[in-house]
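In what follows, a structure is listed as structure tokens, so that the remarks can point back to it.
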Amino acid sequence: MGMGEFDLAELDADDDEFELEPTAGDVAAMLRIGVDPEQDRAALGELADAMLVWARGRRVRRLAERAASALWNDELDGLVRDGLERVAGEGPEWATVVPELRAGLERDGPRSELARAIVEDLAMQLSGHDQPVFFCTCCLDEGIVHAPEAGREIALQIAVVGCRDVTISAGELRAALAGLATRAPTEALATDERRQAVRSRLGRLGDLGRGSVPALAAELRAIAAEPLPSRVEDDDVWQTLCEHLLAEFGRPELN
């Protein structure tokens, strides 16, 4: 069928017949509850990694239930209940789904469908704090599928999410750059504990992403299983992370 044979009237009619059926995830997003990256990280960290690699299934459900139990308190409960009243007023399709989700919350609390959807939304927000703008693990996975010979090089791009695992201060970055003439900044910033922490993070992402980004996940697990290189200059994981950190520090206007 050529493009000229489409009946625009039929397309318009189909659009008119479309009915929005909001899910618990849609309602969670409409609640617009913001994550606190510092305060909420302990409860949401592993679930945020699962969101980063688009994991799904029973393991994610368990992580979400555990995170909801850790986060749920009177303040969050109040935000949710007030928000549900607002969302229910957004239109008849929202007013239909809200009572059912509210009943589930009353019955099951942090183990309810809505509570899980809320913490998954918070975890997705948190994962966004750990990655550059437009970063896409699915794109990395697809890149490895199409160019397996470059798999390690592609997978290394995700090392930048390990910045939070190494806790390098602005003062350390400044000192490392100041001593550039005598010592490479990547070496000045390195400790075995920091380098291993980044690789451990990659291993966790590789474990969580087995079903969602399998090609990327396999590369990450392989990297995490390697012995830590004895020389910092041979540690491509650390080099990748530090290049990102130093570039961000030197060009804050791009952050």
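Of all residues in segment 82-92, which are assigned to a helix (DSSP H, G or I) and either surrounded by 13 or more Cβ atoms within 10 Å (Cβ to Cβ) or among the aliphatic types (A, V, I, L, M) (or both)?
Gly83, Leu84, Arg86, Val87, Ala88 - these are the residues of segment 82-92 that are assigned to a helix (DSSP H, G or I) and either surrounded by 13 or more Cβ atoms within 10 Å (Cβ to Cβ) or among the aliphatic types (A, V, I, L, M) (or both).
Do you know which residues across segment 63-81 are part of a helix (DSSP H, G or I), touching a residue at least 24 places away in the same chain (Cβ under 8 Å) and farther than 30 Å from Glu142 by Cβ?
Answer for segment 63-81, where residues must be part of a helix (DSSP H, G or I), touching a residue at least 24 places away in the same chain (Cβ under 8 Å) and farther than 30 Å from Glu142 by Cβ: Glu65, Ala68, Ser69, Ala70, Leu71, Leu76, Leu79, Val80.
Could you count how many residues in segment 122-145 are on the phi > 0 side of the Ramachandran plot and at pLDDT 95 or above?
Counting residues in segment 122-145 that are on the phi > 0 side of the Ramachandran plot and at pLDDT 95 or above gives 0.
If a residue has to be part of a helix (DSSP H, G or I) and over 20 Å from Val161 (Cα atoms) to count, how many in segment 34-62 make the cut?
Selection size over segment 34-62: 4.
Of everything in segment 18-32, what is outside any helix (DSSP H, G or I) and surrounded by 16 or more Cβ atoms within 10 Å (Cβ to Cβ)? Give them in sequence order.
Pro22
The conditions are (1) within 30 Å of Arg58 (Cβ to Cβ); (2) of a type in the set (D, E, K, R); (3) surrounded by fewer than 17 Cβ atoms within 10 Å (Cβ to Cβ), and Glu193 fails exactly one of them. Which is it?
Evaluating Glu193 over (1) within 30 Å of Arg58 (Cβ to Cβ); (2) of a type in the set (D, E, K, R); (3) surrounded by fewer than 17 Cβ atoms within 10 Å (Cβ to Cβ) leaves (1) as the failure.
For Ser200, which of the numbered conditions (1) surrounded by 20 or more Cβ atoms within 10 Å (Cβ to Cβ); (2) free of Cβ contacts under 8 Å to residues at least 40 places away in the same chain; (3) not β-branched (Val, Ile, Thr) fails to hold?
Here Ser200 clears every test but (1).
Name the residue that is nearest to Trp72 (Cα to Cα), counting only residues in segment 105-133 that are among the basic types (Lys, Arg) and more than 20 Å from the chain's Cα centre (by Cα).
Step by step, filter segment 105-133, then rank; the result is Arg111.
Does Glu120 satisfy being part of a helix (DSSP H, G or I), buried (at least 23 other Cβ atoms within 10 Å of the Cβ) and of a type in the set (Asp, Glu)?
When the stated conditions are applied, Glu120 passes them.
If you go through segment 139-162 one residue at a time, do you hit one that is assigned to a loop (DSSP other than H, G, I, E, B), touching a residue at least 24 places away in the same chain (Cβ under 8 Å) and either surrounded by 19 or more Cβ atoms within 10 Å (Cβ to Cβ) or among the β-branched types (Val, Ile, Thr) (or both)?
no
For segment 206-234, name all the residues that are hydroxyl-bearing (Ser, Thr, Tyr) and over 27 Å from Val60 (Cβ atoms).
Ser230
Given the criteria touching a Cys at 6+ places or on another chain (Cβ under 6 Å), in the same structural domain as Asp141 (by TED's automatic domain parsing) and farther than 25 Å from Cys138 by Cβ, does Thr186 qualify?
Considered against the rule, which asks whether it is touching a Cys at 6+ places or on another chain (Cβ under 6 Å), in the same structural domain as Asp141 (by TED's automatic domain parsing) and farther than 25 Å from Cys138 by Cβ, Thr186 comes out as yes.
Going by what's in this entry, would Arg59 be described as of a type in the set (Lys, Arg), in contact with an Asp or Glu (Cβ under 8 Å, 6 or more places away or on another chain) and under 27 Å from Gly128 (Cα atoms)?
Criteria not met by Arg59.
Kindly provide the set of residues from segment 126-138 that are among the small types (Gly, Ala, Ser) and either crowded, with 18+ Cβ neighbours inside 10 Å or assigned to a loop (DSSP other than H, G, I, E, B) (or both), ordered by number.
Ser127
Could you check segment 163-182 and list, in sequence order, the residues that are part of a helix (DSSP H, G or I) and surrounded by fewer than 13 Cβ atoms within 10 Å (Cβ to Cβ)?
Ala170, Gly171, Arg174, Ala178 - these are the residues of segment 163-182 that are part of a helix (DSSP H, G or I) and surrounded by fewer than 13 Cβ atoms within 10 Å (Cβ to Cβ).
The values are calculated or read from the model by the stated rules, or taken from the named source; none is laboratory data. Since the structure is predicted, the reported quantities are computational estimates derived from the model, not experimental observations. In this analysis, Cβ positions are derived from the backbone assuming ideal geometry, glycine residues included, and neighbour counts consider all displayed protein chains.
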